[in-house]
Amino acid sequence: MYNYIFNDNFRKNAVNNNLYNNMVYDTNKSSLFAPAEAYNNGNLYSNLYSQYKNYKPVELKANNEREQLLLDLSRMRFTAHELNLYLDLNPDDESMLALFNDYRREANALMSQYEAKYGPLNLSSNSLDNSPFSWVSDVWPWEGRYYV
């Protein structure tokens, strides 16, 4: 069971001890990683990224066009989500809101492009209007082959 009293006390102590204020988001766009690097590092903000020892994130590579579209879509959605989290705390930052909207639009365009070529990605997809349950006839991930 969730301990609400502990959570409330932690929040009060954190505010009093300036724990939240120590995590300063630099809103300068030059302090942001590019989407590919942010996705690989798991963090959009270069000033908040702390590399573990000599660990270097693996550079992700796609083997075909379908995988490239999925990778690009994942990168854009990750970047938009990170900016969304920032905007939850800083809703008046117009430059970051504009950047969020750019990445959101790009992610939506990539999703439309993918679904036009390869079918739906989720149950709320508009591509299901014409052919519901179309994923049944598609290749399943464990089959290990894709249409190129």
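The values are calculated or read from the model by the stated rules, or taken from the named source; none is laboratory data. As the structure is a computational prediction, the values presented were derived from the model and not from experiment. Here Cβ is always computed from backbone atoms with ideal geometry, including for glycine, and neighbour counts include all displayed protein chains.
Here are some notes:
- Residue within the stretch 23-30 that is closer than 23 Å to Leu87 by Cβ, modelled with pLDDT of 50 or more and part of a helix (DSSP H, G or I) present: yes
- Top-ranked residue of the stretch 101-129 - restricted to ones that are in a helix (DSSP H, G or I) and farther than 25 Å from Leu85 by Cβ, ranked as modelled with the lowest pLDDT: Leu128
- Selection count, the stretch 78-92, where residues are loosely packed, with under 10 Cβ neighbours inside 10 Å and part of a helix (DSSP H, G or I): 1
- Some residue of the stretch 62-77 being within 17 Å of the chain's Cα centre (by Cα) and either exposed (fewer than 12 other Cβ atoms within 10 Å of the Cβ) or assigned to a loop (DSSP other than H, G, I, E, B) (or both): no
- Verdict on Tyr52 being at pLDDT below 85 and surrounded by 13 or more Cβ atoms within 10 Å (Cβ to Cβ): no
- Given (1) at pLDDT 95 or above; (2) closer than 16 Å to Asn43 by Cβ, number of the condition Tyr86 does not satisfy: (1)
- Inter-residue pairs, beta-carbon under 6 Å, first at negative phi and in the stretch 70-86, second surrounded by fewer than 19 Cβ atoms within 10 Å (Cβ to Cβ) and in a helix (DSSP H, G or I), 6+ apart: Arg75/Ala36; Met76/Glu106; Ala80/Arg104
- Residue check for Leu97: within 17 Å of Lys117 (Cα to Cα), over 12 Å from the mean Cα position of the chain (by Cα) and surrounded by 13 or more Cβ atoms within 10 Å (Cβ to Cβ): no
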